[in-house]
Each structure stands twice: as C-alpha cells, then as structure tokens.
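Below you'll find the structure, written out as structure tokens, and then a few comments.
The values are calculated or read from the model by the stated rules, or taken from the named source; none is laboratory data. Model, not experiment: these values are computed from the prediction. Heads up, the Cβs are rebuilt from the backbone with ideal geometry, glycines too, and the neighbour counts pull from every protein chain shown. Surface accessibility is based on the protein's heavy atoms, side chains included, excluding ligands, DNA and RNA. Shrake-Rupley method; radii C 1.70, N 1.55, O 1.52, S 1.80 Å.
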Amino acid sequence: MAKKIHLSKELILSEYSKFILTEGGKPSSVYLFCKGLKIEENEFYQFFTSFEQIEETVFTSFFENTVKLLNSSEEYATYDAKTQLLSFYFTYFEQMTANRSFVIHLLHEDKNQLKNLKKLSSLRILFKDFVDSLEIEPLKIPQETIEKIQQKSISELAWVQFLMTFKFWIDDTSSSFEKTDIFIEKSVHASFDLMDMTPLKNIIDFGKFLWKEKVKM
C-alpha cells in the first residue's frame, strides 16, 4: 500500500507548479489534480477552494517568505525606510527569478490582462500594508485630512512602482537579470528623492518669513 503523503499548502503549491510547467496549462479539474496526487478531493478544499486561489497564493507566499527572511536579519531592523524597501525588492525578486517560468505562465495565461493582474490582488493589500509600516514621511501639511490622503498616496504610488518593476523584470533579457537590479535601485532612490521635501519646506519657511517681515514693514 502506497504511503499517504503529508498534505500541506506548500505541497499543493509545489505540485500545482510542477503540473503547469510539465503539462503547459492548469489541470482540467480539481478532481483530476487530486487523483494525480493520490488524495481525496475534499482534502484539497481544506487548503484551497480553486486553482485561482492557488495562483493568488503563489505571490502572497513569496511576500510572506520575503518578510520572514528580512526579519530574520538583525541588521534589517536598523535600516532606514529606503533601505528596507530596497531589501524587500531584491529579496522578493530573487524568489520570483527562482520560479520565473511558473510566474511568467501565470501572468500571461489569459489574453485579458485584467484577469492576469487579478492574481496580484491579495499581494497588493499585503504590499501596501508593508509600505505603510515603513512610515515614510511625506511633506507635513497641517491639515489632518490632507496628511491622510498623502499617506494613502504613498502606498498607492509604491504599488504602481512595484508593478512597473514587475513588468521590467518580465521583459528583462540581461544576464542574471542584472538590469532589473539596476532598475530597482534607481527607481527606489528616485522615488525617495521625490518625497524628500526638505528643499520645498525651506522655501515655504522662507516665504513665511518674507511675508511676516513684509507685514511688519
């Protein structure tokens, strides 16, 4: 009698990836996929409700593994927000590269790009929460409503930047995807430079000073 496998979320993800890469597409049904694994269909549903959910989980699993790896480093906690974000990017895309064939298939599976992007919807929530946790400081404007809008804008813009990096990585043909590494570094540095409002703060302070002096005169 064949030994019963120890079923887990990670095992299902791994076997689903193998099936996609060897067969060139997803299984025709959950039943047939489970039959290949020699498990009952109801066992599959203890972890996932559909293949679509598996595909979303692929990207969130990369995220969870990335955060786990980062937090295992004592140095990571001492980094500033920009360096922490850079560390996240490099670690996340290392995992993506290790599973590149599978990822490329998932993001090109459907001709409707919106359906492909839907697979990143859970990742989007996790990524935006991660960016919020970095507490990146925008220009301080003394209106609470505006400050809230600014903070939301930072995570939204960071997500757009992440998608741009995603697209660059997909199209990258350089050795070891070294151009993606350069893109990550330059884009993150550029985005933080744009958010560094110190020069603008100085101009505003100078303007306030001139205005006060003009009133006095």
(request) With a point put 7 Å past each Cα toward its Cβ, work out how far GLU135 is from LYS179 in nm, to one decimal. (result) 3.9 nm
(request) Using only protein heavy atoms and a 1.4 Å probe, report how much of ILE125 is accessible, in Å² to the nearest 10. (result) 100 Å²
(request) Measure off 7 Å from each Cα along the Cα-to-Cβ vector at LEU11 and LYS186, then give the distance between these two points in nanometres to one decimal. (result) 4.7 nm
(message) Whole-Hz ³J(HN,Hα) for each residue in region 170-182, computed from phi via Karplus 6.51 cos²θ - 1.76 cosθ + 1.60 with θ = phi - 60°, x for glycine and proline: what do you get?
(response) 4, 8, 5, 10, 6, 4, 6, 6, 5, 5, 5, 4, 5
(request) Kindly list the residues of region 4-19 that lie in the label zone of SER72, defined by a backbone N under 19 Å from the point 7 Å along the Cα-to-C-beta vector. (result) 9-11, 14
(message) Given a Förster distance of 25 Å, report the FRET efficiency between GLU94 and GLU43 from their Cβ-Cβ distance, rounded to the nearest 0.05.
(response) 0.20
(request) Mind ranking THR57, THR165, THR173, THR78 by accessible surface for me, highest first, 1.4 Å probe? (result) THR173, THR78, THR57, THR165
(request) Give me the accessible area of GLU178, 1.4 Å probe, in Å² rounded to the nearest 10. (result) 100 Å²
